[in-house]
Each structure stands twice: as C-alpha cells, then as structure tokens.
Amino acid sequence: MYNEELAEHGIFEYLDYLNREPSVGSRVIIAVVEGKAKDYLTKKFATSDTGLYYSSLFEKNIAKGTLPKTNLHLMMYKYFSKRADPFLPLLKMKEKKVKINGIALFKDDKYVGKIPYKQNFAFKSLVENFNSGVFPIHYGRNSAVLENVKAKRHYKVDTTSSVPKVNIDISINGIVREYKGTINNQKVVQVLEKEMEKQLTKDYKKILSTIQELNVDPLGIGDIIRSNDRSFNISKYKDYYREMPIKTNVKVTITEFGVTK
C-alpha cells in the first residue's frame, strides 16, 4: 500500500522491486491509501487478520462490479505500455473501517487524480466485461437494486479523419429482486431501465471528462485505436487524445423482475 503523497512522486522503484522479488506473486493486489499506509497495514480487524481482510475487500468489490480486476502484473503491463495508463484501487479509513473510495489514476508511475467511488461501476464497465455485479437505481421515491448484472462493452473506431472518433457501446443485463415505489408494475421495468441508462450516461461523461483532462488513458483506448489503424502514431495520439471525440451508448435490459416491496 502506498499513501497519496508517495504515489504522487512515483512508485516505480517499489513496484520494480516487488516485480523482481520471487516470493511476491504477480497477482498480488496493490493500492493507494488516503492517510498513512502504516495505519492500514497495522490495523486489527475483529473478523479476520489484516491480509485476509483486504483480500476479501478487493474480491467482494470485484464481484459486485465496483472494482476492475487489478494486480501487480496488470499495473506493470500498463506502466510499460505506451498506449495505456495504470490505475489502482483507492482506499479510505473512516470510523475504524476501511473501504474502497474510488480509482487512483496514474500517468506513468505517478498518481495524478481519481475516479470517485460512485462512478466505479461505470468505470469498470468501460474497462472490462463482467458477469456479476450489483447496481442501485433511484428514481424520485422509487428505488430498486439490479443484481446478477452482466456488462459487455464494444469499442468502435472511425479513423477516416486525422483525429479518430471513438464510440463505446455498453450493454447491461440484470435482474431486479427488490423494488420500492409507486410506479405501476406494467411500467416499472421500462422506467428503471431508462433511469439506469440516464445515471450511467452521466457517469460515463464525467469519467471521460476526467481522464481526458488529466491526459491519462486507463481505458487503453490507444491500444484499441492501434488495432484498428495501421498508420497509428503514438506521438500524434498523445497530441490529440485530450480533444478526441469519445461517445458512449448504453442499453440496459432487465431480464427478470422479482419481489416488489
């Protein structure tokens, strides 16, 4: 674990040591923490030891769709890639509990910004496909929880102009088992689908604005463009990345509507 101040100055020498150390597996998860790293590493938990607690925390968030897959191997791969930038989980300690507080964004090995936790689901759906997840939907006095979420994304690149255009299609499928509200059952599914699409579209817009403003590419869009354009030039890509048109289109489908409360 690395605190924000250290991460801002660069952590490659520490990662390189871990990567070369035979006793450290490449699948080990590393993270950036708010506050002192020592406080996280020495913290005692009632239910399990420190290492098992953090391992469970990461696994649970990956399973429920709020944390992309991440480990030392993936961090090092993106660090050495010229067409993508690394990211790590961001942890926060509050009221004696530790929680995921977002995604720490890196430029090379330096921490430069973050994605807030409430946008983690949207960020994960842009980074990778997944077959399990949970997403709360709120609409006025109505609320529901979409479970067993399956997310699939597809990038389309238009390279007919000097600056490529990127369109990202995201399909979300899930089951609603809990619902609280007053909307007629015949309309509730359609309303919830549209509301989730609306929420995610806002999150996608904020995420894209953040990463382009910071000039970081955690989505690996550079890799995607290169695979579609034989004339891809990394220097030109870095010049136009901040202004490159990137649009998202999300389609939510509720495949089953269960218990209504």
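The values are calculated or read from the model by the stated rules, or taken from the named source; none is laboratory data. Bear in mind that the values here come from a model prediction, so they are computed numbers and not experimental data. Using ideal geometry, Cβ is built from the backbone for each residue, glycine included, and neighbour counts are taken over all protein chains shown.
Could you check the stretch 185-241 and list, in sequence order, the residues that are on the phi > 0 side of the Ramachandran plot and touching a helix residue (DSSP H, G or I) at 6+ places or on another chain (Cβ under 7 Å)?
The answer is 215, and nothing else.
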| said: Suppose the filter is free of Cβ contacts under 8 Å to residues at least 12 places away in the same chain, more than 17 Å from residue 106 (Cβ to Cβ), of a type in the set (S, T, N, Q) and surrounded by 14 or more Cβ atoms within 10 Å (Cβ to Cβ); does residue 50 pass it? | reply: yes
| request: Working only within the stretch 76-125, note down all residues that are aromatic (Phe, Trp, Tyr), under 19 Å from residue 209 (Cα atoms) and in contact with a helix residue (DSSP H, G or I) (Cβ under 9 Å, 6 or more places away or on another chain). | output: 87, 106, 111, 121, 123
| request: Consider residue 215 carefully, then state whether it is surrounded by fewer than 19 Cβ atoms within 10 Å (Cβ to Cβ) and in contact (Cβ under 8 Å) with a residue 60 or more places away in the chain. | output: yes
| request: Within the stretch 155-201, count every residue that is at pLDDT below 85, among the hydrophobic types (A, V, I, L, M, F, W, C) and in a loop (DSSP other than H, G, I, E, B). | output: 1
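Matching residues to (1) surrounded by 12 or more Cβ atoms within 10 Å (Cβ to Cβ); (2) modelled with pLDDT under 90:
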position: 1; (1), (2): yes, no
position: 13; (1), (2): no, no
position: 22; (1), (2): no, yes
position: 27; (1), (2): no, yes
position: 33; (1), (2): yes, no
position: 43; (1), (2): yes, yes
